[in-house]
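Heads up: the structure comes next, in structure tokens.
Quick note: the coordinates plus some simple rules give every number you see, no bench work behind them. Predicted, not measured: the structure shown is a model, and the values here were computed from it. For neighbour counting, all protein chains shown are included, and Cβ atoms are generated from backbone atoms with ideal geometry for every residue, glycine included.
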Amino acid sequence: MMKLSKRVGVFAGLGLVLGCGAILVAQNPATMFPVVRGTKYMVGAGNSLEVAAGVQILEKGGNAVDAGVASVLAASVTEMDHFGIGGEMPVLIKMKDKPVVVISGVGPAPALATPEFFRNRKPEPWEEKATMPPIPANGILAATVPGVFDGLIVALQKYGTMTFAQVAAPALEYTRGFPTPEVLSSYIGTSKQYLELWPVSMKFFQPNGHVPAPGEIFATPSLMRTFQQLALAEKKAKGNRIAKLEAVRNYFYRGPIARQIADFSEKNGGLIRYDDLAKFHAEVDTPRTTTYRGYEIQKPGFWSQGPVMLEALNILEGYDLKAMGHNSPKYLHTVLEAVKLAFADRDRYYGDPKFSKIPEETLLSKDYGKQRMGEIDQLKASMESRPGAFGGPLAMAQTTRPTEGVADTTSVDVVDAQGNVFAATPSGAWLPSVIAGDTGVPFGTRLQCLLVNTPAHANSLVGGKRPRVTLSPTMVLKDGKPVLAMSTPGGDNQDQAMLQVLLNIIDFGMTPQAAVEAPRFQSEHFYATFANHEFIAGKVNIENRIPQETMDAMIKLGHKVTVSRPWSNGSAPVVIQLDGTTLHGAADPRRGRYVFGR
């Protein structure tokens, strides 16, 4: 184990945790990083520049929402390997003494996106006809309407205190140049075959004619101009702060930015048109909830995979998980089988509630959880997708072709001195990205999540429908007060990873840092959200820090075990725990996660 520094920063791999106040020393020798603690505020995100943006806003008097928006905007500049401003974002917001709300900054399919169009499409240059997914995993045809920007504006209007220009100031500074991270350099290098098809994208990501080396200053002048234009639109607008923010959103969705995005899309074979942008507006929603051992778990609705965690918790509450032993064969088997059942319901029933009636009252009921608990065989791993039988049969494609595209994502979590909480999962428009002309705005690829060949499904492709996203921040309350905020990248694995972290904290009493660092496992027994939507029965990836005898026991139960590297789980949660006057933070070392507390 590495020797921990007595300074406030500790580096290892891609992870970093920072604390301010008391000198940090290793309180728990089982963790790679110490828990970060503070008493005033805490910010967690995907890199140090994003965290610094949030801290800067808090130090200037902004609240958690102002800081969260600033961090997301900073991520759209400095973490384009995982997220861009043309992507999407659900966010949970808890203002002091107010209920939790959800903002769905998730854009819909363009009106021109139809099943017929994609059934008849030609292969993209990088695709082979025999294995191509219904909707491309990359490129301009996979784009939905950019949703994250309006989600940020709605958050600022309803719950923030600052102007767009104020919260965008750190991001604007970064557009002028920042040191290229290793992961961004790597992603640009491996995206060459896609970027070569789009000269504007190649110029954006290789401004000096080569892949920027780690540490080389990387600037985004076209994105800088867009942020400057948006700030100028706010400055010229009349009225109060809310009205000025509305002018900012209109400039993006109904003004010059929208026209440039739509014009580029139409001229380059994309499906997004001006009307798609002009008609879109982010929505405020009510979180879906359950209780678990006296805690109130808050998640985005059925247009996300968030209720998967709620369903799994309702099943697992009937077991004494602690008595099973952490990461024992019985524990792993029980959690995996519960997750399989929850994912089967996701795959059968979840989708945009504006287009389909979702049986959510049944899916989230405690009685249904008990019923599903009775369907778990403690002596045998399930090899079938088993959704609840109350909705009627629905044939799903049984492809095992591997997913060609993956989603990448980041996370932003903020708690301020007043106890306001912001938990977001910004995603989409990651590399390889098609840049919309001179705007610097990357198109997303979330359209691939919709189903082309299952027309009766809640997640079937219809113009104007939101794809069911994997994005799924989490907030936990106790007696109405927030005690945990967390989010993570990781696609289909997001709710599996955060479920394990939550169980580690609630059932096994771990500190947040110990909880995120504990060895994890990941089922792939579901219909994948992306590209080919493959189903791989019984497959489970288990980090090899879990003993071999446990692996052997899982194999005997029928699980198809793949032993993976010690820190290989694809998710990397950020966690902030609120404990009276103290904040405790955690950053997963599996990927670049950062936390700062003061």
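What the table below lists for this structure:
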{"read-out": "Under 12 Å, Cβ to Cβ, from residue 467 - net charge with Lys/Arg +1 and Asp/Glu -1", "value": "+2"}
{"read-out": "Measure of compaction for the chain (Cα Rg per 2.2 N^0.38 Å)", "value": "0.90"}
{"read-out": "Nearby aspartates and glutamates by direct alpha-carbon distance to residue 322 (threshold 13 angstrom, same-chain neighbours under 8 apart not counted)", "value": "507"}
{"read-out": "Distance violations [Cα-Cα > 27 Å] among 244/354; 192/279; 60/299; 330/370", "value": "244/354; 192/279; 60/299"}
{"read-out": "Listed residue pairs exceeding 32 Å between alpha carbons, taken from 158/465; 357/380; 94/267; 380/481", "value": "357/380; 94/267; 380/481"}
{"read-out": "Total formal charge among the other residues, if their Cβ is under 9 angstrom from that of residue 597, Lys/Arg +1 and Asp/Glu -1", "value": "+3"}
{"read-out": "Rounded to whole Hz, the Karplus (6.51, -1.76, 1.60) HN-Hα couplings of region 454-470, x for glycine and proline", "value": "10, x, 7, 6, 4, 10, 6, 6, 9, x, x, 8, 6, x, 5, 9, 7"}
{"read-out": "Charge dipole (region 66-110, unit charges on Cβ, about Cα centre) - positive-most of 110, 99, 71", "value": "99"}
{"read-out": "Magnitude of the charge dipole, the chain, Cβ model with Lys/Arg +1 and Asp/Glu -1, debye to 20", "value": "760"}
{"read-out": "Dipole of the chain, positive end: most advanced residue of 461, 378, 391 [Cβ charges, Cα centre]", "value": "461"}
{"read-out": "Value of D in µm² per second that Stokes-Einstein yields for region 276-372, Kirkwood Rh from Cα pairs, at 4 °C (1.567 mPa s)", "value": "89"}
{"read-out": "Centre separation in Å (Cα based) which lies between region 317-333 and region 288-311", "value": "21"}
{"read-out": "Amide hydrogen neighbours beyond the local backbone of residue 318, cut-off 5 Å, H modeled", "value": "none"}
{"read-out": "Cβ-defined net charge surrounding residue 360, 11 Å radius [Lys, Arg +1; Asp, Glu -1]", "value": "-1"}
{"read-out": "Per-q log10 I(q)/I(0), region 101-249, q = 0.18 Å⁻¹ (Debye; single scatterer per alpha-carbon; no solvent)", "value": "-1.17"}
{"read-out": "Residues with amide H under 5 Å from that of residue 520, placed H, sequence gap 5 or more", "value": "543"}
{"read-out": "Computed over the chain: relative contact order in percent, which uses C-alpha pairs under 8 Å that are six or more apart", "value": "25"}
{"read-out": "Loop trypsin sites (Lys or Arg not before Pro), region 96-143 (other Cβ atoms within 10 Å of the site Cβ: 16 or fewer; DSSP)", "value": "96, 121, 129"}
